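S.K.: My structure is below; once you've seen it, I'll send some questions.
Read the figures in this text as sums done on the coordinates, not as results from a lab. The model shown is predicted, which means the values in this text are computed figures rather than measured ones. Cβ placement follows ideal geometry from the backbone for every residue including glycine, while neighbour counts extend to all protein chains displayed.
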Amino acid sequence: MSPRSVMRFVEWTIGAPRGELPQTVIVVRCLEPDCTATSEPSTSHIDPDHWALKHAGRTGHTAYEEVARCRLVATPKEAR
């Protein structure tokens, strides 16, 4: 009788794509009900924060969420 499958344990890592530096993109969005306003994506906190303050001044909305996105890739750890 021959084996039906072979299983092996493999460690994985997660990080920026090989050869690329990690780059975080930040977006701020208004959390007020019925408001779908969102800042433009930025690699800095400055522009989204300014957007939120301007939006608060114009609308009186005070609840916001900051979302930070970074592209990641999962790869098997190389054998040593």
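S.K.: Please find the FRET efficiency linking Lys54 to Glu32, where r is the Cβ-Cβ separation and R0 is fixed at 22 Å, and quote it to the nearest 0.05. Spell out each step's value before the answer.
M.R.: Values: r = 15 Å, r/R0 = 0.67.
For R0 = 22 Å, the calculated efficiency reads 0.90.
S.K.: While we're here: I want the local charge near Val25. Using Cβ-Cβ distances under 15 Å, sum +1 for each Lys or Arg and -1 for each Asp or Glu among the other residues.
M.R.: Numbers: positive: Arg29, Arg69, Arg71; negative: Glu20, Glu40, Asp47, Asp49, Glu65, Glu66.
Neighbour charge sum, excluding Val25 itself: -3.
S.K.: Please report the net charge: other residues with Cβ closer than 9 Å to the Cβ of Glu66, K and R +1, D and E -1. Could the numbers behind the result be given before it?
M.R.: Values: positive: Arg29; negative: Asp49, Glu65.
Summing Lys/Arg as +1 and Asp/Glu as -1 gives -1.
S.K.: Can I ask one more? How big is the dipole moment of segment 12-76 about its Cα centre under a simple scheme where the beta carbon of each Lys and Arg is +1, that of each Asp and Glu is -1, and everything else is neutral? Debye, nearest 20, please. Could you put the intermediate results ahead of the total?
M.R.: Working: 6 positive and 8 negative charges, 41 e Å.
Computed about the Cα centre, the dipole is about 200 debye.
S.K.: Given labels modelled 7 Å from the Cα in the Cβ direction, how far is it in nm from Ser5 to Lys77?
M.R.: 2.3 nm
S.K.: Just one of [x] -0.83, -0.86, -0.92, -1.06; [y] -0.71, -0.75, -0.84, -1.11; [z] -0.84, -0.94, -1.13, -1.34 is log10 I(q)/I(0) by the Debye sum over Cα atoms at q = 0.16, 0.17, 0.19, 0.25 Å⁻¹ as worked out from the coordinates here. Which one is it?
M.R.: Looking at log10 I(q)/I(0) by the Debye sum over Cα atoms at q = 0.16, 0.17, 0.19, 0.25 Å⁻¹ for this model, the match is [y].
S.K.: By average Cβ neighbour count within 10 Å, what is the ranking of 22-33, 6-17 from highest down? All intermediate terms of the calculation are to be shown ahead of the outcome.
M.R.: Numbers: 22-33: 15.1, 6-17: 8.2.
Averaged packing, sorted descending, gives the order 22-33, 6-17.
S.K.: On to the next question. Calculate how steeply helix 46-59 sits against the longest principal axis of the alpha-carbon atoms of the chain, using the helix alpha-carbon long axis, and give the answer as 0 to 90 degrees to the nearest 10.
M.R.: 40 degrees
S.K.: A further question follows. Quote to one decimal, in nm, the extra length available between Ala68 and Val25 on full extension: 0.36 nm per residue of separation minus the C-alpha distance between them. Write out the running numbers ahead of the final one.
M.R.: Numbers: separation 43, 0.36 × 43 = 15.48 nm, distance 0.56 nm.
Net length gain for the segment: 14.9 nm.
S.K.: Here is a further query. Which value at 222 nm does the chain reach when only helices count, each DSSP H run of 4 or more adding -39,500 (n - 2.57), with the total divided by all residues and rounded to the nearest 500 deg cm²/dmol? Could the numbers behind the result be given before it?
M.R.: On the way: 1 runs with 14 residues, N = 80.
About -5500 deg cm²/dmol.
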